[in-house]
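So the structure is just underneath, and the comments pick up after that.
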Number of protein chains: 2
Amino acid sequence: MEFYKKSQILNAFSHEQKLIHQSKHLLLELYRCDCNKLNDESFLRCVLNRAAKLANATVLNLISNKFKPQGVTAIALLAESHISIHTWPESSYSAVDIFTCGKNMKPELASQYLIESLMAKEHSLRVIERNPPSAVHKKIRTAI
Amino acid sequence: MEFYKKSQILNAFSHEQKLIHQSKHLLLELYRCDCNKLNDESFLRCVLNRAAKLANATVLNLISNKFKPQGVTAIALLAESHISIHTWPESSYSAVDIFTCGKNMKPELASQYLIESLMAKEHSLRVIERNPPSAVHKKIRTAI
């Protein structure tokens with residue numbers, strides 16, 4: 001009985017740990033991308049939308065801005081946090097972050113899709129675990 | 001003369017290194033915040049706007065979303081990248097990220113202001129250096 005209780009606690013702990021790991025922030029640097037794609041605002045909005053869907057996320061709003069002489073920023077506000085992309089076509093570089101907080105999220109798929117869509121010949125990806133209180137993952141909320 | 005040249009090179013390198021460090025991504029976890037403030041969409045929009053100004057950034061767009069039964073996401077698209085805030089009032093928790101890429105940015109001031117405005121009794125801050133090609137910092141671009 002004593003052992004059973006301990007086992008229960010361990011299972012609960014393991015489950016809790018797993019939930020905590022579901023709040024991920026991916027920082028992605030994309031190098032040697034296709035310059036034209038990095039300067040195409042409409043294309044980047046479509047790509048961001050598709051990336052969000054691949055991550056199992058729901059896009060609630062998507063904004064973008066084109067810079068002079070070049071460069072674009074696009075940000076998707078998700079029900080599960082956000083994805084942003086900032087581009088410098090003159091350097092063939094883009095800085096992306098994908099922050100997902102929720103169950104069954106697949107931010108890595110979004111990351112892989114962005115690498116391929118922008119034809120990045122080099123990239124670096126850092127996966128950072130955010131540290132919300134564990135209760136955050138148990139709450140269900142919907143967009144108004 | 002030889003020494004002078006070397007010194008010039010070293011100075012240029014040091015300057016370059018310094019510039020590289022100007023692309024910062026701050027990940028901020030705010031715990032034990034004021035729940036009412038975390039659920040106040042208008043307040044959070046004002047706070048984000050002020051935080052951006054303190055960071056020496058220019059806000060080009062600001063979007064937000066209120067969730068059911070509670071919680072808010074607000075994101076500021078900056079000329080110099082973005083600031084986002086996601087709140088879970090039921091857990092007195094907020095996840096913030098401040099990404100600034102440019103000269104004379106002061107993201108740490110924005111971070112400190114957010115900690116104080118949301119009355120966070122605990123927080124953790126991770127400062128992550130993004131790695132753009134050095135040329136990115138030499139380009140000047142403006143919002144269209």
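On each of the three principal axes of the Cα atoms of the stretch A:53-144, give max minus min coordinate, whole Å, ordered largest first.
44, 28, 21
Could you pull the copy-to-copy label distances for B:Tyr31, with points set 7 Å along Cα to Cβ, in nm to one decimal and sorted shortest first?
3.7
For B:Lys103, go 7 angstrom from Cα along the Cα-to-Cβ vector, then report the distances to that same point in the other copies in nm, smallest first.
Ordered by increasing distance: 5.1 nm.
Need the full-extension length gain, A:Arg50 to A:Tyr31, defined as separation in residues times 0.36 nm minus the C-alpha distance. One decimal, nm.
4.8 nm
Got a sec to turn the phi values of the stretch A:92-103 into Karplus ³J(HN,Hα) couplings, 6.51 cos²θ - 1.76 cosθ + 1.60 with θ = phi - 60°, whole Hz, x for Gly and Pro?
Couplings: 6, 10, 9, 10, 10, 9, 10, 10, 10, 9, x, 8 Hz.
If you count, for every residue in A:54-67, the Cβ atoms of partner chains within 10 Å of its Cβ, what is the mean?
Per residue, the number of nearby Cβ atoms from other chains is 3 on average.
Using Cβ contacts closer than 10 Å as the measure, can you line up A:Lys66, B:Lys106 from fewest to most?
B:Lys106, A:Lys66
Which distances, in nm and shortest first, link the A:Gln70 label point to the same label point in every other copy, taking 7 Å along Cα→Cβ?
4.8
A:Asn56's amide H: which non-local residues (gap 5+, or another chain) put their own amide H closer than 5 Å, with H modeled 1.01 Å from N in plane and none for Pro or chain starts?
A:Lys106
Need one value for A:105-113: mean number of C-beta atoms belonging to other chains within 10 Å of its residues' C-beta atoms.
So the per-residue partner count for this stretch is 0.
Can you tell me what percent of all Cα-Cα pairs in the stretch B:46-98 are more than 19 Å apart?
For the stretch B:46-98, the share of Cα pairs beyond 19 Å comes to 27 percent.
Per-residue mean of other chain beta-carbon atoms within 10 angstrom of the beta-carbon, peptide B:116-129?
1
Values quoted throughout were computed directly from the atomic coordinates according to the rules given, and no laboratory measurement underlies them. Computed from a predicted structure; not experimentally measured. Note that we place each Cβ from the backbone using ideal geometry, even for glycine, and neighbour counts take in every protein chain shown.
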